[in-house]
1. Rounded to the nearest 500 deg cm²/dmol, what is the calculated helix-only ellipticity per residue at 222 nm for the chain, with -39500 (n - 2.57) per DSSP H run of length n ≥ 4?
2. Could you run the Debye sum over the Cα atoms of the range 1-120, one equal point scatterer each and no solvent, and tell me log10 of I(q)/I(0) at q = 0.21 Å⁻¹, two decimals?
3. What aspartates and glutamates sit close enough to K336 to cross-link, taking a C-alpha to C-alpha distance under 14 Å and skipping anything fewer than 8 places away on the same chain?
4. Report the residue, chosen from Y291, Y376, Y93, that carries the largest GNM mean-square fluctuation when the chain is represented by alpha-carbon nodes joined by springs under 10 Å.
5. So, in nm, how far is label E229 from label S340 when the simple model puts each one 7 Å beyond its Cα toward the Cβ?
6. Hey, could you pull the Cα Rg and Dmax for the chain, both in Å?
7. Need the C-alpha centroid separation for the range 294-333 versus the range 38-77, integer Å.
8. Which is the longest part of the chain that has none of the trypsin sites (Lys or Arg not before Pro) sitting in a DSSP loop with at most 16 other Cβ atoms within 10 Å?
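The values are calculated or read from the model by the stated rules, or taken from the named source; none is laboratory data. Not measured: the values here are computed from a predicted model. All Cβ positions, even for glycine, are placed from backbone atoms using ideal geometry, and neighbour counts span all protein chains on display. When the accessible area is computed, the model is the full protein with side chains, heavy atoms only, and any ligands, DNA or RNA have been set aside. Shrake-Rupley method; radii C 1.70, N 1.55, O 1.52, S 1.80 Å.
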Amino acid sequence: MIWYPYAQMKTMAPPIRVERADGVFLHTDKGILIDAVSSWWSTIHGYNHPVLNAAISDQLGKFAHVMLGGLTHDPVQQLTDKLSEWLPGDLDYCFYSDSGSVAVEVALKMALQYNVNRGCARHSVLALENAHHGNAMPVPTGERNTVLALKNAYHGDTFKAMEVGDDEDYHFAFPHKRGVVHIPTRIDALEKAFSEKGNTFYCMIVEPLLQGAGGMKMYDCSFLRRARELCDRYGVLLIFDEVATGFGRTGNRFAADLVLPDILVLGKALTGGYIGHAVTVARRKVFEAFYGDDPRIAFMHGPTFMGNALACRVALASVRLFEEENYMQKIRRIEKIEQSVLLGLRDERIKEVRVMGGCACIEVVNPSVLEGFREYAVSHGVFCRPFGNILYAMVPYVIQEEQLRTVLNVMRSWFTRG
């Protein structure tokens, strides 16, 4: 029996069976449907794309996977070179994994060990080594044992990712969270947290500009700029979880282009939705804290399928498509149409309508308002999957205007129909 995600198996509606897919269309047992959510926000180029198909096929004729333990290969080197060239600042050091959740775990572990290696946490490797040799080393004030995170955060469903998350719908079974402070996306709350506990933070982790599964909540870049200033002042690593927000979803290529984090996490759209793969990218100062003659300061982590050759080839093809076919222009067009169709929508059942880049969201007052919407959308040729009190669209960027308007008008008509 298939155990489906995020569902009560006893009461869930039967899943829609997909027989094939191309472009923005799912060919299903319910008819042909426009995919309004891009398979959890990942298929930015649509389905069955010839360029991505060719990348997979060509690599498959050579080999599908070899481990990176003691081995390497051209696809992982080429993707790393491209990301290092493409990403802002000195985000040059790529550690691969097989999902966004794992990549977040890697980022948090990396941030903690960065502080251990520098002597900012109990049992520091370097502090012990220097004590043994009678050497003094500067140790920043305070023990770094706490993460600063956001209210309504979602960073994945592995354990540390759930700990820094703040979403009862997903994590209600794990209420005891130690060593994490959650704040709202307000500058006064940010400043208060740093003034009270800044010397205990080993990192701050955020979904920049757009909080996805926590409710499609949007906030201003001024919060991120202030976070960068405070992290620099207090010696705290700033992590951007751009698994959902990267590759244009916020209307920016990456939020990291606006404010440079110390560690960047990418997934989902990294491979154009073809294969699960993710990358945790660090700046030079982070990498150098692990680089030396002592094996005890090395980063001891290694997912079996990290740097998978198929995933790296299709990711490289996906990045090139994004770059060469001016996807930011496509996203600006999508945003403009979303604004024109949805922003004027008013209804007593609606709390707020929000649009940012490639994301359009209608937040309703009560989740019961959305009961039956999935079936309604399917009957109008659209696959859309609301959650809680959030109705949203995150369409593939290759969508045509007529198709996009179909999606948005289905969302709008749910409230305006007679």
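1. Theoretical 222 nm ellipticity from helices: -11000 deg cm²/dmol.
2. -1.33
3. In chain and number order, the partners are E401, E402.
4. In this elastic network of the chain, the residue with the biggest mean-square fluctuation among Y291, Y376, Y93 is Y291.
5. Simple spin-label model gives 3.9 nm for this pair.
6. Both quantities, over Cα of the chain: 22.2, 81 Å.
7. 10
8. Result for the longest clean stretch: 187-345.
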